[in-house]
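Colleague: Here it is, the structure, as structure tokens.
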Amino acid sequence: MHLIKPLGFDISDKAIKRAGLDYWKKLNPTVWENFDEFLDSVPDKKRMFFATTKTEKLYFQNSFNEGDYILFGSESRGISAHILQEFKNQTITIPMGKEGRSLNLAMSVSIILYKAIEQNIEILE
């Protein structure tokens, strides 16, 4: 798991313990100071996918592979427009009804990651 600052939540030991996330250390999170620093660490930039409401490509039309990066923005702002523009061919979305707004971040992550796991279940076995 990679987290890119600025974060919209507290990841101090005290906050994590209060949230009851005893599995946090097993996730081995890497925290990056900014997107450019993270980007420099990515070996294959074509294997990054950006979840957004600002695209037509549905997440389940995508083929996920081991080692892919799936990026999610904050609940309130999403991913920056300039990043989405730079990687416009790598954006994915969850279909929503016309009257729907958007799902919360946890729900969006769950839906898309489940599809990635489903496509790569043999890796977990």
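The values are calculated or read from the model by the stated rules, or taken from the named source; none is laboratory data. Keep in mind that this is a model prediction, so the values were computed, not measured. Methodologically, a virtual Cβ is constructed for each residue, glycine included, from the backbone with ideal geometry; neighbour enumeration extends over all protein chains shown.
Colleague: Can you report the number of residues in the stretch 69-125 which are of a type in the set (Asp, Glu) and either on the phi > 0 side of the Ramachandran plot or under 14 Å from the mean Cα position of the chain (by Cα) (or both)?
Modeller: 1
Colleague: Take the conditions surrounded by 11 or more Cβ atoms within 10 Å (Cβ to Cβ), within 20 Å of Lys46 (Cα to Cα) and either touching a Cys at 6+ places or on another chain (Cβ under 9 Å) or at pLDDT 95 or above (or both) and apply them to Asn62. Does it pass?
Modeller: yes
Colleague: If you don't mind, there's one more thing I want to ask. When the stretch 88-118 is examined, which residues are found to be modelled with pLDDT under 95, surrounded by 13 or more Cβ atoms within 10 Å (Cβ to Cβ) and not aliphatic (A, V, I, L, M)?
Modeller: Of everything in the stretch 88-118, just one residue is modelled with pLDDT under 95, surrounded by 13 or more Cβ atoms within 10 Å (Cβ to Cβ) and not aliphatic (A, V, I, L, M), namely Ser102.
Here is a yes/no grid of residues against (1) loosely packed, with under 15 Cβ neighbours inside 10 Å; (2) touching a Ser or Thr at 6+ places or on another chain (Cβ under 8 Å); (3) closer than 20 Å to Ile123 by Cβ:
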{"site": "Val31", "(1), (2), (3)": "yes, no, no"}
{"site": "Phe38", "(1), (2), (3)": "no, no, no"}
{"site": "Asp44", "(1), (2), (3)": "yes, no, yes"}
{"site": "Phe49", "(1), (2), (3)": "no, yes, yes"}
{"site": "His82", "(1), (2), (3)": "yes, no, no"}
{"site": "Glu86", "(1), (2), (3)": "yes, no, no"}
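Colleague: Out of all the residues in the stretch 26-71, which are part of a loop (DSSP other than H, G, I, E, B), more than 23 Å from Glu99 (Cβ to Cβ) and of a type outside the set (Gly, Ala, Ser)?
Modeller: Result: Asn28, Pro29, Glu33, Asn34, Val42, Pro43, Asp44, Asn62, Phe64, Asn65, Glu66, Asp68.
Colleague: I need every pair where a residue in the stretch 86-99 that is assigned by TED's automatic domain parsing to the domain that holds Phe35 has its Cβ under 6 Å from the Cβ of a residue that is assigned to a loop (DSSP other than H, G, I, E, B), sequence separation at least 6 or different chains.
Modeller: Filtered contacts from the stretch 86-99: no entries.
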